[in-house]
Amino acid sequence: MPRRSDAGGRRQRGGKANRAALREGHAAVRRPLRPGPGALPHGRDEALGAVLIGFRRREGGGRRREGGIRRRRHVGGRAERRTKTGGKVTFCKTADLAIDAADAAPDDTSGRIDVTMVNRGSTTCSATGFAGVDIKDADNTSNPVERGQAQPRVTTLGPGDAAVFNLAYGIDSTGDSLTSPTDIEVTPPNETHSVPLAWPEGAGAIKGAYTDVQVYPTHTTD
């Protein structure tokens, strides 16, 4: 019997000691940290370490979850783009375009010819980019026109819609022009078939050579 009493007393004292240590650990965490050159007391150091480990684990989990959300959104964005471009618009065919040229000079010194292309097909098509242009001269030579310094704009044509591009040059008012244009040969953007158009009546004479003429990208007429 005395042995049992001694064992019970030891267990009771051990339980009190454990509870006291636990309270000390909680108190160490709750006590504010004070800056100083010395290390933290051993009990507080361990308790603070446990708290920091738990915080880092929670923070790491949050980052992983956040990264997962970002990845899912990124994948979804790619899928959405694939869906949008699934029904890809094809380039306008020369056979589906009604093309004509007209003098559109804004004044007596700046020459401009507007070339209009109307989609007479039954489906939407793209006329984005630079048209190929050659100017035919009275001496039967063909002269390619250089591109102007401009960025193409997206030009999508539904049935019946029109796009236009411009030829720009300086007007020679001396009467001594070196050129005698008769026709304009136009190849729509991203096409290989061309159509001949008459040089617009009333258009000013070209100043300089055909290399001084520039073609600009297509754009809608809206």
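Here, each number is a calculation from the coordinates, and none is a lab measurement. Because the structure is a prediction, the values reported are computed rather than measured. Heads up, the Cβs are rebuilt from the backbone with ideal geometry, glycines too, and the neighbour counts pull from every protein chain shown.
Taking the range 94-220 as the region of interest, what is the percent of Cα-Cα pairs per 10 angstrom bin, listed from the shortest bin to the one with the maximum distance?
Final binned percentages: 14, 46, 30, 9, 1.
Counting alpha carbon pairs within less than 8 Å and at least 6 residues apart, what relative contact order, in whole percent, applies to the range 94-220?
It rounds to 35 percent for the range 94-220.
Please give me the summed charge of the neighbours of VAL195: other residues whose Cβ is under 15 Å from its Cβ, Lys and Arg +1, Asp and Glu -1. Write out the running numbers ahead of the final one.
Working: positive: LYS93, ARG120, LYS136; negative: ASP96, ASP100, ASP134, ASP183, GLU185, GLU191.
Charge balance near VAL195 sits at -3.
If amide hydrogens are placed 1.01 Å from N in the peptide plane, which non-local residues have theirs closer than 5 Å to the one on THR182?
Here the answer is LYS136, ASP137, ALA138, since their amide H atoms fall under 5 Å of that of THR182.
Using DSSP to call loops (not H, G, I, E or B), can you name the trypsin sites (Lys or Arg not before Pro) in the range 135-181 whose Cβ has at most 15 other Cβ atoms within 10 angstrom?
Here the sparse-neighbourhood loop sites are ARG153.
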